[in-house]
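The values are calculated or read from the model by the stated rules, or taken from the named source; none is laboratory data. Only a predicted model underlies this, so the values are computations on that prediction, with no experimental measurement involved. So basically every Cβ, Gly included, is an ideal-geometry build from the backbone, and we count neighbours across all protein chains shown. In case anyone asks, the SASA skips ligands and DNA or RNA and just uses the protein heavy atoms, side chains included. Shrake-Rupley method; radii C 1.70, N 1.55, O 1.52, S 1.80 Å.
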Amino acid sequence: MAAVLGDGELPDFWRGLGLPGLIDVHVHFYPERMLRKVWSYFDSVFWTITYRGSDAERVAQLADLGVRAYPALSYAHRPGMAAELNAWALEFARNNPACIPSATFYPESDNLVYVEKALSAGVRIFKVHVQVGAFDPRDELLDPVWGMLADSGTPVITHAGSGPLPGRHTGPGPLEAVLQRHPRLTAVIAHMGTPEYAEFLELADRFERVHLDTTMAFTDFVEGFAPYPQEKMAMVRELGLAGKILLGSDFPNIPYSYAHQIEALARLDLGDDWLRAVCWHNAARLLGIP
């Protein structure tokens with residue numbers, strides 16, 4: 001199964017594993033104005049976006065790849081932004097049945113109101129970006145939100161690692177403090193915690209509801225500047241089989257083909273059961289997908 005060469009071969013990959021497709025927990029769709037700003041930033045600093053079509057074209061691309069469920073992740077980087085992003089994401093999910101309703105939040109006085117509203121509207125997954133948002137996850141304005149999400153069991157995709165660039169509050173320490181206060185929080189550490197891989201693996205091992213997503217990890221691109229420690233691969237296998245590692249891609253904001261993320265996972269040679277768990281079963285269980 002390790003010889004995945006291109007997007008057109010992905011259906012053969014997941015069919016070969018006996019899966020109905022893929023579940024990707026780290027996919028981005030944004031309002032047009034935000035989309036252009038994000039793409040412009042990546043173009044000027046890090047990489048060129050591979051999948052540049054319209055929303056409709058990218059929805060069709062995901063369907064062709066066999067991605068059966070995905071969120072439309074966005075993230076607030078200033079006050080007064082999250083509620084509007086949440087309304088857009090909910091409308092997007094209503095118009096695209098494969099899309100899991102998603103939302104975001106920010107340390108501001110009314111966040112509990114709009115997070116509760118989002119949950120009532122059917123949101124099943126949240127996203128926060130500590131580096132881009134430039135906030136401390138320990139901020140007292142976030143504490144009630146973490147508590148509400150811990151109680152509801154709603155997953156939060158959390159970009160807390162210091163890659164690709166460190167922020168004032170990135171790294172495992174701030175998130176660990178949140179988990180100590182809310183040990184039942186369902187946090188999904190984006191990018192396997194790049195580059196603090198070992199520390200975030202430890203958090204996933206210690207806290208019952210902490211997971212990791214594979215977004216960009218193990219790819220040639222990330223291995224070039226933040227290689228995954230080989231001595232930790234046994235733990236990666238163990239946590240994947242235990243339901244704690246989920247497929248993520250960062251589609252469409254990637255500088256290579258979607259298939260390369262899957263190829264990178266397959267060539268780890270952790271076994272077909274591990275691939276089945278990571279590519280479908282773990283996320284299906286966490287998000288209640290049949």
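Given 0.36 nm per residue, what is the gain on full extension from R33 to N95 after removing their alpha carbon distance, in nm?
Extra length available between R33 and N95 comes to 20.4 nm.
What does the charge count around F251 come to, taking other residues whose C-beta lies under 15 Å from its C-beta (Lys +1, Arg +1, Asp -1, Glu -1)?
-4
By the gyration tensor of its Cα atoms, with a ≥ b ≥ c the square roots of the eigenvalues, what is the shape of the range 10-117: rounded for a/c under 1.5, prolate for a/b over b/c, or oblate?
oblate
Below 8 Å, C-alpha to C-alpha, sequence gap of six or more: please give me the relative contact order for the range 10-127 in percent.
Rounded, it is 24 percent for the range 10-127.
From the Cα gyration tensor of the range 106-193, with a ≥ b ≥ c the square roots of its eigenvalues, which class applies: rounded if a/c is under 1.5, or else prolate if a/b is larger than b/c, or else oblate?
prolate
Pairs of Cα atoms under 8 Å, at least six residues apart: use those to get the relative contact order of the chain, whole percent.
21
Considering only protein heavy atoms, with the full assembly of protein chains and a 1.4 angstrom probe, order S44, S249, S257 by accessible area, largest first.
Sorted by accessible area, descending: S44, S257, S249.
Can you pull out the GluC sites (Glu not before Pro) in the range 198-290 that DSSP calls coil and that have at most 13 other Cβ atoms within 10 Å?
Answer in residue order: E208.
If you take the square roots of the eigenvalues of the alpha-carbon gyration tensor of the chain and sort them as a ≥ b ≥ c, do you get rounded (a/c under 1.5), prolate (a/b over b/c) or oblate?
rounded
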